[in-house]
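Just so it is clear, none of the values below were taken in a lab; they were calculated from the coordinates. Remember, it's a predicted structure, so these values are computed and weren't measured experimentally. Note that we place each Cβ from the backbone using ideal geometry, even for glycine, and neighbour counts take in every protein chain shown.
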Amino acid sequence: VHGSMFGGKTEHMIARLKEAEARGDRVLAFKHCIDDRYIPDAIVTHPGDRFDAVRVPDAASILEHVGIADFIAIDEGHFFGMDLIPVIEELCGRGKSVLVAGITNDAWGRPFEPMPQLCEIAQSVVIRQSPCRVCGKPAPYTQRMSEVNTKHMVGGLSDYEPRCKEHFTPLATPPEVR
């Protein structure tokens, strides 16, 4: 599941986790340790819904914690980078169901890896977009509103706004080019 910030990606993920639990699946959620918003050991929606999660420093660490879980959810997949792809392939090879949520495009308007690559290997893709904060149209982009220090910056409503193509202004120079 991917889309702009504030589009309900984590809400969608928590709903799928609860559905899997109700079916009797053993579920496990993960989040990158860079995500220090809200509660450390939970994935949390902006409105405050939560689901317990294991914090990991990198994609490979997910494999160390999976155990007997049937349904694996990984929030903010873009924080894991391309190293997430072989981990997902390994989990699927073990017969696990995997759901990854992440942002579609970075603040420069480029595809936020590894989300496009995950869409290529996914059995299904869900796109969640919030309304543009300027005009209310569907917003596939996330506009960074605060100072840019790095590509991966954890933030909230004061740092980012969902924007439609017309109102999105890509940042000028990606951090890896500076």
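From helices alone, the chain scores -6000 deg cm²/dmol at 222 nm; the rule is -39500 (n - 2.57) for each run of n ≥ 4 DSSP H residues, then divide by the residue total. Projected over all directions and averaged, the alpha-carbon convex hull of the chain occupies 10.1 nm².
In the chain, the longest principal axis of the Cα atoms and the axis of helix 84-93 are about 30 degrees apart. Here the 3J(HN,Hα) profile of the range 161-166, calculated from phi with Karplus coefficients 6.51, -1.76 and 1.60 at θ = phi - 60°, is 9, x, 9, 7, 4, 5 Hz, Gly and Pro shown as x.
At an R0 of 25 angstrom, the distance between the Cβ atoms of GLU120 and ASP70 translates into a FRET efficiency of 0.55. For the range 2-128, averaging the sequence separation of C-alpha pairs within contact (under 8 Å, six or more residues apart) and dividing by the residue count gives a relative contact order of 30 percent. The chymotrypsin sites (Phe, Trp or Tyr not before Pro) of the range 2-78 meeting both criteria, a DSSP state outside H, G, I, E and B (loop) and at most 16 other C-beta atoms within 10 angstrom of the site's C-beta, are TYR38. Sorting TYR141, TYR160 by the number of Cβ atoms found within 10 Å of their own Cβ, with the fewest placed first, yields TYR160, TYR141. Strictly over 27 Å apart at the Cα level, which of LYS31/LYS96; LYS96/LYS165; LYS9/LYS165 would you flag in this model? Checking Cα-Cα distances, LYS96/LYS165 exceed 27 Å. Sequentially through the range 27-44, phi angles give Karplus couplings (6.51, -1.76, 1.60; θ = phi - 60°) of 10, 8, 10, 10, 9, 6, 5, 5, 7, 9, 6, 6, 10, x, 9, 7, 8, 9 Hz, Gly and Pro residues having no value and appearing as x. Take the chain and mark each of the GluC sites (Glu not before Pro) that is in a DSSP loop with at most 12 other Cβ atoms within 10 Å; the longest unmarked stretch, sites excluded, is 1-146. Name the residue, out of ARG110, ARG23, ARG37, whose mean-square fluctuation peaks in a Gaussian network model built on the chain with Cα pairs under 10 Å. Highest fluctuation of the listed residues: ARG23.
Computed from the C-beta positions of LYS18 and MET145 and an R0 of 30 Å, the FRET efficiency is 0.40 to the nearest 0.05.
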